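For reference, the structure is listed below as structure tokens.
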Amino acid sequence: MPEPREPEGAIAATGMGGAMDLATSEAATLERIPGGPEGTGPQGKPRSLWSDAWRDLRRNPVFIISALVILFLVFISVWPSLIAPGSPLKCDLAKAQEGPAPGHPFGYDGQGCDVYTRTVYGARVSVTVGVCATLGVAVLGSVLGGLAGFFGGLPDSFLSRVTDVFFAIPVVLGGLVLLSVVTSNTVWPVVGFMVLLGWPQISRIARGSVITAKQNDYVQAARALGASNSRMLLRHIAPNAVAPVIVVATIALGTYIALEATLSYLGVGLKPPTVSWGIDISAASPYIRTAPHALLWPAGALAVTVLAFIMLGDAVRDALDPKLR
């Protein structure tokens, strides 16, 4: 009696052929699924660290809130006249220390200036100082620390001793000494001071990151294939060592904004007629009992700005650190 035949195309229950057919079928199914399995992109391509980080950031409410606050700060820094049509330097002593009034929701300070207008225009200086100082610190510290970590030897030892000297200088005391002799009313002396005392921190981070990255197998393989030092630094090491620098620089941006306000409050940072939150806080301090609104609004704006950048840095750190996933 003839044995029953299995339907055509059926997968055998046992045997190597059945296992191979099953594996082939599963692979074909995965290729048809958009995005493929977890950890892959379209057509099953593996996602990079940056694409994974961006995906995590979009799902993080802390990042979304802080990013919206920062975008609003950037907007009012570039176009402050759109929401504060008045002049921050126009004052009326007859209205000094008066409270909120129609068209002046924050009231007036001790000189009769509109607190709302000065608070809006003060964001421009704070954002400018923070961004410029962060870019300068990140570039200088990354270049010096990256080169020292890559080549090692005497340059590495010399840079380590120099950074130890800078770490021993108190930031506020250094600002009092260095900026007390500056007569310029621009933001550049303050930015230069922050870059001068801020680059050692980024340098240490970049140095350690480069030392870790250059020990990986792909760098050793590139070296064995005859790749030049510049190619290994720019193509293989820098893209994989820059993440910690970005995290630290993002968090430090808020710190630099607070440092500018502190130095301006002490009278050695920005000086009038420059509009700054630190200057307004310093001018309103003697009237805190009679006109607290003149102090609370610029101080609140400063606190929200610093908090937004610190929250953004924490979100970026969580997204770029695979150990925290």
(request) Take the residues in region 80-108 that are farther than 21 Å from residue 279 by Cα and either among the hydrophobic types (A, V, I, L, M, F, W, C) or in contact with a strand residue (DSSP E or B) (Cβ under 8 Å, 6 or more places away or on another chain) (or both), then tell me which one is most open to solvent (accessible area, probe 1.4 Å). (result) 82
(request) Can you tell me which residue among 289, 317 is open to solvent by 60 Å² or more (accessible area, probe 1.4 Å), among the charged types (D, E, K, R) and part of a helix (DSSP H, G or I)? (result) 317
(request) Kindly provide the set of residues from region 269-325 that are of a type in the set (Phe, Trp, Tyr) and over 23 Å from residue 176 (Cβ atoms), ordered by number. (result) 287, 297, 309
(request) May I ask you to list the residues in region 147-158 that are surrounded by 10 or more Cβ atoms within 10 Å (Cβ to Cβ) and in a helix (DSSP H, G or I)? (result) 147, 148, 149, 150, 151, 155, 156, 157, 158
(message) So, residue 218, is that one of a type in the set (Ser, Thr, Tyr) and surrounded by fewer than 19 Cβ atoms within 10 Å (Cβ to Cβ) or not?
(response) yes
(request) Among the residues of region 82-96, write down those that are part of a helix (DSSP H, G or I) and out of contact with any helix residue (DSSP H, G or I) (no Cβ under 9 Å at 6 or more places or on another chain). (result) 93, 94, 95
(request) Taking the options 191, 187, 195, 210, name whichever one is closer than 18 Å to residue 261 by Cα, touching a Phe, Trp or Tyr at 6+ places or on another chain (Cβ under 9 Å) and either open to solvent by less than 50 Å² (accessible area, probe 1.4 Å) or at pLDDT below 90 (or both). (result) 191
(message) Any residue that is in contact with a helix residue (DSSP H, G or I) (Cβ under 6 Å, 6 or more places away or on another chain), outside any helix (DSSP H, G or I) and either modelled with pLDDT under 85 or open to solvent by 80 Å² or more (accessible area, probe 1.4 Å) (or both) - is there at least one of those in region 12-24?
(response) yes
(request) Could you check, for region 159-167, whether at least one of its residues is surrounded by 19 or more Cβ atoms within 10 Å (Cβ to Cβ), in contact with a Lys or Arg (Cβ under 8 Å, 6 or more places away or on another chain) and farther than 22 Å from residue 280 by Cα? (result) yes
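The values are calculated or read from the model by the stated rules, or taken from the named source; none is laboratory data. The structure presented is a predicted model; accordingly, all values stated were derived computationally and were not measured. As a convention, Cβ positions derive from the backbone with ideal geometry for all residues, glycine included, and neighbour counts pool all protein chains shown. Side chains are part of the model used for accessible areas, which takes the heavy atoms of the whole protein and leaves out ligands, DNA and RNA. Shrake-Rupley method; radii C 1.70, N 1.55, O 1.52, S 1.80 Å.
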